[in-house]
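All remarks here apply to the structure that follows.
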Amino acid sequence: MKVLSLNFLSCAVKGCKSSSDSYPLHPKDAELVQDDIEVNAQLLINLLPRIDWTALTTTATELGFPALPPQAPTPEELEADEAKLKDLHHLLMETQIMEGKLVCASCGHEYAVREGIANFLLPSHLV
Amino acid sequence: MSRPEDTLSADVHYDDVEARKYTTSSRIQNIQASMAHRALELLDLSSPSLILDVGCGSGLSGEILSSLPPEEGGPHVWIGMDVSASMLDVALQRDVEGDLLLADIGQGVPFRAGTFDAAISISAIQWLCNAESSDVSPQGRLSRFFNGLYASLKRGGRAVCQFYPKNDEQKKMITGAAVKAGFGAGLLEDDPDTKNVKVYLVLTVGQAVVNGQTGDITGVVKGMDNVDVMDARRKASSGKGEIKKGSKAWIMHKKEQMERKGKVVKSTSKYTGRKRRIAF
Ligand SMILES: C[S@@+](CC[C@H](N)C(=O)[O-])C[C@H]1O[C@@H](n2cnc3c(N)ncnc32)[C@H](O)[C@@H]1O
Ligand SMILES: [Zn+2]
């Protein structure tokens, strides 16, 4: 599971949708791998306004990355600064959680991640 | 043809053996690829986008998204949802580029609002009409799916779902559920009235204004490529009003333009510019 996906996923449990604590999910016992993926600059620039920077900062810290700048770069800054683009690409696209759990801070539900695939199947009483 | 979706749930049908058989069949690979291409064409994305692949399986459809060259607006990045662990396992072995989620779309779509530029679904959503093994009705599952899909798409986003309806009633049930969730919806049929008919549910989020029409669900599909209508706005801006957009003449003209620019174009066939039946 890419950090990118984590920035967009929220808890699927009934009743959690209205709680602000249900996003972002928090990685627990996470094993990371770094993949080598070609930079898709246009995609990152397209996505940037949709990235929740506060949540990304939380995730980065929880995964042991150095602190992100407090403000998201603007698309123009990203386009002009290759190092910035590479850093963001590395965090969002190349960093993957292979094993571990994603925990909802609102209801406590733990979504297991195995071989990079997060399990979002819920028992029917939680839907 | 037998319909496994009438008797089994998807995760039971797509076990390890079936998942492998499905994915290695070159006939299936070809059909899924061509339908994914068709869906992409209907999405009409001009730059690399974040796409949800609903019922992504072993990645036959998703692969088309990540391998789209820059000249055609790609490559896209996709996230796939599937309920069959065996299908996802095959996807892992094939080292697909999309991120994968083990999830039942009948339980909803667990992404925050406005996540995706677009969504595709190839040969999956008819499975939602089977509720044999669950304690929820097909209507309930369809409504969770379409409500979740609607919220997860950005405003102005589109979704294209190719599916195999069992009959007209099922077609209506699925389309009705999408409309109820707030989508503008149109059904497009390729090769209508043949045994190879392919049904595409084309969905838009927000009021897509096409030819000044809003809300009207036929209007949504009418503005798209390969559907034979006049597009007044484009005509006005390009000044070339004599060729109908989407007509055979228009496509031939486009192809010539592309070829002159040195681009590879699909060879012209009996299908080129042919009318497709639009229901609704
Ligand atoms: C015919 S396969 C198509 C796979 C892929 N889209 C392709 O083009 O090859 C249908 C897929 O839909 C999935 N599916 C069926 N019901 C589902 C559900 N409720 N939630 C998620 N996936 C589902 C199945 O597990 C299966 O992998
Ligand atoms: Zn929760």
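We did not get these values from a lab; they are worked out from the coordinates using the rules stated. This is a predicted model, so every value here is computed, not measured. Glycine also receives a Cβ, built like all others from the backbone with ideal geometry; neighbour counts cover every protein chain displayed.
Per-structure values
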{"quantity": "Cross-link reach list, aspartates and glutamates versus A:LYS84, counting only Cα pairs under 19 Å and skipping chain neighbours closer than eight places", "calculated": "A:ASP35, A:ASP36, A:GLU38, A:ASP52, A:GLU76, A:GLU94"}
{"quantity": "Test item: A:5-12 mean partner chain Cβ contacts at 10 Å", "calculated": "6"}
{"quantity": "Contour minus Cα-Cα distance for B:ASP193 and B:ASN167 (0.36 nm per residue)", "calculated": "8.1 nm"}
{"quantity": "FRET efficiency, A:ASP35 to B:ARG3 (Cβ-Cβ, R0 56 Å, nearest 0.05)", "calculated": "0.90"}
{"quantity": "Region A:3-126 - percent relative contact order, Cα under 8 Å, separation 6 or more", "calculated": "37 percent"}
{"quantity": "Label-point separation in nm, B:ILE31 to A:ARG50, each point 7 Å along Cα→Cβ", "calculated": "3.1 nm"}
{"quantity": "Distance (nanometres) between label positions extended 7 Å along Cα→Cβ at A:ALA112 and A:SER18", "calculated": "3.2 nm"}
{"quantity": "Mean Cβ count within 10 Å, highest first, over the residues of peptides A:113-119, A:52-58", "calculated": "A:113-119, A:52-58"}
{"quantity": "Per-pair calculated FRET efficiency, R0 = 60 Å: A:GLU79 and B:ASP135 via Cβ, rounded to 0.05", "calculated": "0.75"}
{"quantity": "Net dipole in debye of region A:3-126 [+1 Lys, Arg Cβ; -1 Asp, Glu Cβ; about Cα centre; nearest 20]", "calculated": "700 debye"}
{"quantity": "Crossing angle, helix A:53-62 versus chain A [Cα axis fit, 0-90 degrees, rounded to tens]", "calculated": "70 degrees"}
{"quantity": "Cβ-Cβ FRET estimate between B:GLN93 and B:ASP44, R0 fixed at 41 Å, reported to 0.05", "calculated": "0.80"}
{"quantity": "Candidates A:ALA60, A:ALA80, A:ALA41, ranked by Gaussian network fluctuation over chain A, Cα under 10 Å, top entry", "calculated": "A:ALA80"}
